[in-house]
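These notes are about the structure you will find just below.
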Amino acid sequence: PMYWGKVFERPIIDAYKLVQMNEVTYGETLKQFHHPDEPWLIANIDGFAHTKEHGKIILEAKFVMFDHHDEWGENGTDEIPQKYMCQLQHYMHVLDMPMAHVCAWVGFGYKYYEVKRDEQLYVNNILPKLKHFWFENVLKGVPPEPSCLRDVKMVYKESNDSEIQATNEQIISVSQVRVLNSEISKLKKELEKEKVVIASYMGEYSKLVAGNENIATFKSNKNGTRVFKVK
């Protein structure tokens, strides 16, 4: 994904330039940015957009793999995956800018999103984690505790043919995994059942509303496939 994201970065920005009619400065012409007071906070942006409404703002390009396109919201909103929201809030903090645009190739089509700076979100939730990671892990050379299975696989890349005896704690954890797997399987079936009820009720309609609130969508994308989503 990182390779293809880099390959398609410029064509996606070119599409943004054409569709949004904004001039751009491409990222390859820019240096790495450092926060003036905390130079260990850095940003490598994909470019700048030069807009009439907001002046110069950060521009980020994303190539979205087909199995993740349902994580992206309506065109023109700020409904992007949380990891990219954190990334853009960080960039806006480092460069002291009020807004960023995201141009993305999602599934079979181009989309763009507008993300406003939320300094309270960054200072209260993101920055403390960055500080802890930099000062307690990076500078001290101490790996952080694994937070997901992928982290464990990165630490222990290969297995041997030996075995290890389970402790009481591990036996309890294995029992919990078995129970949770059973519950997840049951919940998935219940979730699918409820989706069918809603989608069947909607039929050919693309939106389900409760008063003025849009609570579900069942829209056709550019290749003709209908995508169901509960808001």
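Values quoted throughout were computed directly from the atomic coordinates according to the rules given, and no laboratory measurement underlies them. Source: prediction; values computed, not measured. All Cβ positions, even for glycine, are placed from backbone atoms using ideal geometry, and neighbour counts span all protein chains on display.
Which percent, to the nearest 5, of DSSP beta bridges fully inside region 47-194 are antiparallel?
Details: 13 of 20 bridges.
Percent antiparallel among DSSP bridges in region 47-194 is about 65.
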(request) Let me see the pair-distance distribution of region 1-57: every alpha carbon pair, 10 Å bin width, integer percents in order. (result) 21, 42, 30, 7
(request) Once you have a ≥ b ≥ c as the square roots of the Cα gyration tensor eigenvalues for the chain, tell me rounded if a/c is under 1.5, and otherwise prolate or oblate according to whether a/b is larger than b/c. (result) oblate
(request) Rank by packing, highest mean first: peptides 81-91, 101-111, 173-183, 152-162, with packing defined as the count of other Cβ atoms within 10 Å averaged across residues. (result) 101-111, 81-91, 173-183, 152-162
(request) State the extension gain, in nm to one decimal, for the chain segment bounded by Glu169 and Ser206, taking 0.36 nm per residue of separation less the distance between their alpha-carbons. (result) 8.4 nm
(message) Suppose R0 equals 35 Å. What FRET efficiency, 1/(1 + (r/R0)^6) with r the Cβ-Cβ distance, do Glu23 and Glu213 give to the nearest 0.05?
(response) 0.40
(message) What does the C-alpha gyration tensor say about the overall shape of region 149-214? Classify as rounded when a/c is under 1.5, otherwise prolate if a/b is larger than b/c, or oblate.
(response) prolate
